[in-house]
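Structure record follows, encoded as structure tokens.
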Amino acid sequence: MENAPKRDERILIIDEQPLSQSYLRYTLEQLGYQNITIAERPQQALALCRNNLFDLIICSYNQADGKDGFQLFAELKFSGLQKHSSAVIFISAETDPNLVHSVIELQPDEFLAKPFVIKDLQLRIERVLKRKQQLRPLYQLLDAQHYQAALNYIDEQLADANQRKWFPLLLKLKGDILLAQQEFTDAEHFFLAMLSIQPFSWAKMGLVRCYVAKGQEQQAFNLLEELLLRSESRLFALDLLAELEFKQQHYQQAQQHLIDAAELAPRNLLRQQKLLQLSRLNHDYETQYQAARDMVKYARYSAFEQPDLYLNLARASIDFALATEDEEQHSRLNRQVNLSLQALQKQFAKQDLWEQHQVVQARLLYLQDHKDKAKALLRDLKTDQPITSLEDALDKAKALHEVGLTDAAEQLFSQISQHCKQQQPDPLLGAYLQQEVTERRQMQQGPRELNNSAVQLYQRGHWEQAFEAFALAHKVMPKNAGIALNLLQTLLTSPRPLCAPDLRYRLLQQCELVVAGATLKPEQQRRYEQLKSKQQPLSMNA
């Protein structure tokens, strides 16, 4: 060790703990590395990476100032501060599978669990630095996004038998470049050629991307089912399956794939955002709330912490509270709205968020049955301003609709529709916006008022109108046990058929599932028992 040759690679250690810093520095010096910089704080590390190009970054998970190592690594990666020519070794004493999967998804060169021995660290360092040094010209071309020159370089290396040690990596990088250039036909031929040699997972994943890009969805589905079974490709498969199911408008299946992916690697904020959008499409307010809460949790202290995250958590809390009849849950969600608004004011005090705050407060008042106060808050807000945020505009339109300011709501919904036609938002958000516009236009009242009106229609014997109102309320609040029970009662007690037999069968099944799994109030339980005593076994002829 003492006679290790001197090395001049530039190494950055990012670790808050003095003991760990000393150990890493001592280890590196024993291995011959001299050019060592230590960053004790994430912001210091970011500043150093902006002004220097390091050959190796050793990033520890535990950091000071709130921001953890994962958030720092993600910020380095997505801001372009971590170059292809720089190696990253991520070190963590925390080995929870959720964190490990999340870190691996960011693709560090190495992941090293604490405690480790010097020999192990030495092996990892020498392995990654040798690779970066040997392929430095290629990585520099990739950093500069000179993709054609990078392809030419790879082909030259592949023609040299002396470089056969690097052939697997070079081939994988070639596939990545073809995909980056969107040369999907050439990429498809390349990946098929690789798979004829060996069943590389990376080649199968690349081939799936080609199939998706070229609209060959069945081929993509077939290959993804295989990739789903392998641990190294399961996350990839779940994400792509969700994308394909969404394209085919199978929103429930798409959501379940994203739920499974988020359970594996919950720190991926883009995935959580997609999950939030899909859960709204499915009227699954609990999953929407959980995704919004997780986004706030994992973005905290990071560069991705933005006002919209807190606003969306407050909005999701209100949506969930409107759909639940659990009084304890209702109270918790009320508190969450207030906590989100307080955090918003504290974290982003310098930003002008007055109108968004007013809209959320109005929706909170409506939730608490103070409809007149909510209407008073909303009446003075302008609805003819240019749309700068679709989420803000939609929340305002929903609030106006809920309190009965239907003309103003309709004007804003029309503006949202026009904006979507011109700006082409993210497909998930666009689908949700269109659904919300359509459903709100069908309802002249909020879902709760719609349910109350339907009760009155039912009591007067207006079966068809009551059924239509209950069915619409159930559509937008499918997990609300009270609404499901009312629809169930209407279907089972009507003296005449209210819809086609197959629709009746599906609705009875849905309502039975919701009501049977809910904690009912005494009056609801009594009604449900009476209905069960009269109800025949469900069948298509029931």
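The values are calculated or read from the model by the stated rules, or taken from the named source; none is laboratory data. Keep in mind that what you see is a predicted model, and the values were worked out from it rather than measured. Methodologically, a virtual Cβ is constructed for each residue, glycine included, from the backbone with ideal geometry; neighbour enumeration extends over all protein chains shown.
Hey, any hits in segment 200-218 for a residue that's at pLDDT 95 or above, in contact with a Gly (Cβ under 6 Å, 6 or more places away or on another chain), closer than 30 Å to ALA149 by Cβ and surrounded by 20 or more Cβ atoms within 10 Å (Cβ to Cβ)? Scanning segment 200-218, I find at least one residue that is at pLDDT 95 or above, in contact with a Gly (Cβ under 6 Å, 6 or more places away or on another chain), closer than 30 Å to ALA149 by Cβ and surrounded by 20 or more Cβ atoms within 10 Å (Cβ to Cβ), so the answer is yes. The listed residues are LEU491, LEU507, LEU457, LEU520, and the only one of them that is more than 29 Å from the chain's Cα centre (by Cα), surrounded by 17 or more Cβ atoms within 10 Å (Cβ to Cβ) and assigned to a loop (DSSP other than H, G, I, E, B) turns out to be LEU520.
Filtered by the rule that a residue be in contact with a Phe, Trp or Tyr (Cβ under 8 Å, 6 or more places away or on another chain) and part of a helix (DSSP H, G or I), segment 257-281 gives LEU269, GLN272, GLN277, LEU278, SER279, ARG280, LEU281. Looking only at segment 169-186, residues that are part of a helix (DSSP H, G or I) and within 28 Å of the chain's Cα centre (by Cα) come to 9 in all. Among residues of segment 324-341 being of a type in the set (S, T, N, Q) and part of a helix (DSSP H, G or I), the one that is farthest from the chain's Cα centre (by Cα) is SER331. Taking the listed residues ALA408, ALA431, the one that is over 19 Å from GLN249 (Cβ atoms) and among the small types (Gly, Ala, Ser) is ALA408, with no other qualifying. Within segment 438-447, the set of residues being assigned to a helix (DSSP H, G or I) and surrounded by fewer than 19 Cβ atoms within 10 Å (Cβ to Cβ) comprises THR438, GLU439, ARG441, GLN442.
In segment 330-341 there is at least one residue matching the filter, namely being touching a Ser or Thr at 6+ places or on another chain (Cβ under 7 Å) and within 22 Å of ASN451 (Cα to Cα). Residues in segment 342-396 that are free of Cβ contacts under 8 Å to residues at least 12 places away in the same chain, part of a helix (DSSP H, G or I) and within 28 Å of GLN418 (Cα to Cα): TRP354, ALA376. Number of residues in segment 223-265 that are of a type in the set (Ser, Thr, Tyr) and surrounded by 16 or more Cβ atoms within 10 Å (Cβ to Cβ) equals 2. Per the conditions (1) of a type outside the set (Gly, Ala, Ser); (2) assigned by TED's automatic domain parsing to the domain that holds SER279; (3) surrounded by fewer than 17 Cβ atoms within 10 Å (Cβ to Cβ), the sole criterion not satisfied by HIS462 is (2). The set of residues in segment 105-125 being in contact (Cβ under 8 Å) with a residue 40 or more places away in the chain and either of a type in the set (A, V, I, L, M, F, W, C) or farther than 21 Å from LEU270 by Cβ (or both) consists of ILE118, LEU121, GLN122, ILE125. Every listed requirement among (1) under 15 Å from the mean Cα position of the chain (by Cα); (2) hydrophobic (A, V, I, L, M, F, W, C); (3) not assigned by TED's automatic domain parsing to the domain that holds VAL212 is met by LEU235 save one, (3). Across segment 1-19, the number of residues qualifying as buried (at least 18 other Cβ atoms within 10 Å of the Cβ) and touching a Ser or Thr at 6+ places or on another chain (Cβ under 9 Å) comes to 5.
Would segment 137-147 turn up any residue that is small (Gly, Ala, Ser) and either surrounded by 13 or more Cβ atoms within 10 Å (Cβ to Cβ) or under 22 Å from PRO42 (Cβ atoms) (or both)? No, segment 137-147 contains no residue that is small (Gly, Ala, Ser) and either surrounded by 13 or more Cβ atoms within 10 Å (Cβ to Cβ) or under 22 Å from PRO42 (Cβ atoms) (or both). Being under 19 Å from LEU450 (Cβ atoms) and either of a type in the set (Ser, Thr, Tyr) or at pLDDT 95 or above (or both) holds for only one residue in THR406, THR383, THR388, and it is THR406. Within segment 33-85, how many residues turn out to be charged (D, E, K, R) and part of a helix (DSSP H, G or I)? Total meeting the criteria: 3. A single entry from ALA323, ALA303, ALA362, ALA316 fulfils the requirement of being surrounded by 19 or more Cβ atoms within 10 Å (Cβ to Cβ) and modelled with pLDDT under 95: ALA323.
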